[in-house]
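Notes for the one structure printed next.
The values are calculated or read from the model by the stated rules, or taken from the named source; none is laboratory data. Keep in mind that this is a model prediction, so the values were computed, not measured. Because the Cβ atoms are built from the backbone with ideal geometry, glycine has one as well, and the counts that use them run over all protein chains shown.
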Amino acid sequence: MSIRERLSGNEAVATAMKQINPDVVAAFPITPSTEIPQYFSTFVSNGTVDTEFVAVESEHSAMSACIGAEAAGARAMTATSANGLSLMWEMIYIASSLRLPIVLSLVNRAVSGPLNIHNDHSDAMGVRDSGWIMLFSENNQEAYDNTLMAHRIAEHKDVLLPLMVCQDGFITSHSIENIELVEDDKVKEFVGTYKPEHYLLNANEPMAVGPLDLQAYLFEHKYQQAEAMRKAKDVILEVSKDFEKLTGRKYELFESYMLDDAEIAIVCMNSTAGTTKAVVNDLRKKGVKAGLLKIRVYRPFPGEEIAKALSGLKAVAVLDKADSLNAIGGALFGDVTSCMYTQKQNVPIVNYIYGIGGRDTKTSDIESVFTDLETIVKTGNIDNPYRYLGLRKEN
């Protein structure tokens, strides 16, 4: 029987970490993820877990310590945000190239500069092609659940890739919601014991980690990473089904909300999905066939499945909470339009950059997007596909 609690998103993730009881947690504080290692350190000090907690001098060192621990055969976790992830950047790529299934809680925040501590997705988008599996979480419950599933996915023999669980800074990380926790013994059984096949402390198999990898082999090794990412899609679904059996909570690659008979829809990630659902519900009462596709798994990107889910629509808006600064829209928009093209789905699609630096996105903003989509359906004219939502107009 599940345990009813009221927790912030950060506390929910720290609680999941406590139940997992990893071998090593290395962390350096940065807003708005600081509370995760802070909460977890109390579990260490009071003996609730027997984790080796390493308080390092920087985020680069935090990821380096996790890499060392994981390479030695230990299960390692950490947490960070924004500029902290930027400082980890070199080690983020090393972790994935060494096929080390580290789990990172990424509490999304704007990357400097100028300095801003509030939510957007510029940190996650900056490492989207670094070889990490990326799960996004609409609310505190999903942040908790994704964290419980993370090691099962990352450590699977067909995957062996690091994984980051994303949630929106302050919006979910610091907001308290009702949440259902899984009992400690059931979590331990579900997550299982980490038993790596190859690791540095195995005296029976001397090995090197991180050697020079030149023209003769690097291409093939990168292909192996790409293959592992492709295989991760099936593993994510397999683990999600096992999690549904345990909790009754169903997770797929994305959530289709009222898409079955929808004519217009929004594609978005994280907490904006909750705002969009409220608008969809209201529009449905008015007879507007609106829907939502909420991305849960961003890497690997489920392109074929998304194209199929959006194929019957008359117009789609993709919302990006980070600007790629490339003059052709955001990263999510590029991924969605690419998969639609390759799957030969000719649906009008527009992009909206929104919420930069924590700019509030209200139901009225989402309503305006659906109004724009209705106009596109009526006129057949997209005009400018690269748009901004909630941008203050200059006088």
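Odds and ends about this structure:
- Looking only at the stretch 379-395, residues that are in a loop (DSSP other than H, G, I, E, B) and either in contact with a helix residue (DSSP H, G or I) (Cβ under 9 Å, 6 or more places away or on another chain) or modelled with pLDDT under 95 (or both) come to 10 in all.
- Across the stretch 1-27, the number of residues qualifying as within 12 Å of PRO37 (Cα to Cα) and not aliphatic (A, V, I, L, M) comes to 4.
- Taken over the stretch 290-339, residues that are acidic (Asp, Glu) and under 18 Å from ASP123 (Cβ atoms) amount to 3.
- Search result, residues across the stretch 310-322 that are without any contact (Cβ under 8 Å) to a residue 60 or more places away in the chain and surrounded by fewer than 21 Cβ atoms within 10 Å (Cβ to Cβ): SER311, GLY312
- Condition check for PHE190: of a type in the set (Phe, Trp, Tyr) and under 23 Å from THR80 (Cα atoms): no
- No other residue among SER33, SER41, SER45 is assigned by TED's automatic domain parsing to the domain that holds PRO196 and in contact (Cβ under 8 Å) with a residue 24 or more places away in the chain apart from SER33.
- When GLN225 is tested against the conditions (1) in the same structural domain as LYS308 (by TED's automatic domain parsing); (2) touching a Ser or Thr at 6+ places or on another chain (Cβ under 9 Å), the lone failure is (1).
- When residues of the stretch 26-48 are limited to those that are surrounded by 20 or more Cβ atoms within 10 Å (Cβ to Cβ), part of a loop (DSSP other than H, G, I, E, B) and of a type outside the set (Phe, Trp, Tyr), the one farthest from the chain's Cα centre (by Cα): ILE30
- Close pairs from the stretch 227-249: first touching a residue at least 12 places away in the same chain (Cβ under 8 Å) and aromatic (Phe, Trp, Tyr), partner part of a helix (DSSP H, G or I) and surrounded by 15 or more Cβ atoms within 10 Å (Cβ to Cβ), Cβ under 6 Å, at least 6 apart: PHE243/MET149
- Single residue of ALA143, ALA150 found to be buried (at least 24 other Cβ atoms within 10 Å of the Cβ), assigned by TED's automatic domain parsing to the domain that holds LEU200 and either of a type in the set (Val, Ile, Thr) or in contact with a Ser or Thr (Cβ under 7 Å, 6 or more places away or on another chain) (or both): ALA143
- Selection over the stretch 344-395 of residues that are touching a Lys or Arg at 6+ places or on another chain (Cβ under 6 Å) and among the basic types (Lys, Arg) gives a count of 0.
- For the stretch 188-238, the set of residues classified as of a type in the set (Phe, Trp, Tyr) and surrounded by fewer than 13 Cβ atoms within 10 Å (Cβ to Cβ) consists of TYR217, PHE219, TYR223, listed by residue number.
- Leading residue by the ranking (surrounded by the fewest Cβ atoms within 10 Å (Cβ to Cβ)) among those in the stretch 55-77 that are among the acidic types (Asp, Glu) and assigned to a helix (DSSP H, G or I): GLU59
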